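Report on the following structure.
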Amino acid sequence: MFFTECARIAKKHPDLAGVLERLDSQLREIGTAEVIRSADLASLLRIDPNQMRSALDMFAQEGVLRRVEMIECPYCEMAALPSDYQEALEEDDEYRCTSCDRPLTNETVQIITAYRRGERWQGVSDPRDGSEVTGLREASPLGIPPNHKLDEQASYTHATVERKAVLEAYKNEGRAKKIKITDKMVAEAASRTWHDRTPVQRWKRNDPRCTPADDAKIRRVLREKPHLR
Ligand SMILES: [Zn+2]
């Protein structure tokens, strides 16, 4: 077992032990657990959807996972936090899907229940680091070996987290001076040819369409802070 919690739950629910064990090893494979959809995981592992939901809920009760409401793009199924969605609507009167870039509204957006990493997940050794998990279990019984995928995901996540943080810091500085800075204002200050917030949005999510030159332009604004002068 990857999670000690899993062994405990399996003891209490022997009927679900097989499901729990497969879920456990799948979570180990996923490693980061950004968004877990019960139905997707059920069909991937060929487990009854009701059993999968019960198993995920048990993991959530143990704190390994967290049940969250998320919004989902009806076109590409990309999920996002309701708080990010609300914030964009308030700030820019518009929210665009972080994956397909389509504008989403309350009429089109879907609310889904998903699972994310819970606070107890942290106590587990990092699956990317191999050294601590070897011996616990042979790698992927499902034949999903690509560790490099996890690394890609990790560097992607790192870049987006860092970018959002520096942008947010700049906006907060503005807020402290009662100046509301939007993504659109940052874009307009970064380049004379940018007239909406799209380039900054792409930069924030590390979209491949955002070039290193674009990155430099946006960082110059965040460094020189033209809106605070
Ligand atoms: Zn989308």
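Nothing in this text is a laboratory measurement; each read-out follows from the coordinates by a stated rule. All figures in this text were calculated on a predicted structure; none of them were measured in a lab. Backbone-built Cβ (ideal geometry, glycine too); neighbour counts: all protein chains shown.
When you count the other C-beta atoms within 10 angstrom of each residue and take the mean per peptide, 94-103, 175-184, 207-216, 65-74 line up highest first as 65-74, 94-103, 175-184, 207-216. Working from label points 7 Å from Cα in the Cα-to-Cβ sense, the GLU162 to TYR75 distance is 3.0 nm. For ARG220 and SER99, the FRET efficiency from 1/(1 + (r/R0)^6), where r spans their Cβ atoms and R0 equals 30 Å, is about 0.65. Report the Stokes-Einstein translational diffusion coefficient (µm² s⁻¹, integer) for segment 157-223, Rh taken as the Kirkwood radius over Cα pairs, at 25 °C with viscosity 0.890 mPa s. The estimated diffusion coefficient comes to 207 µm²/s. Between the beta carbons of HIS13 and GLU173, assuming R0 = 45 Å, the FRET efficiency works out to 0.30 to the nearest 0.05.
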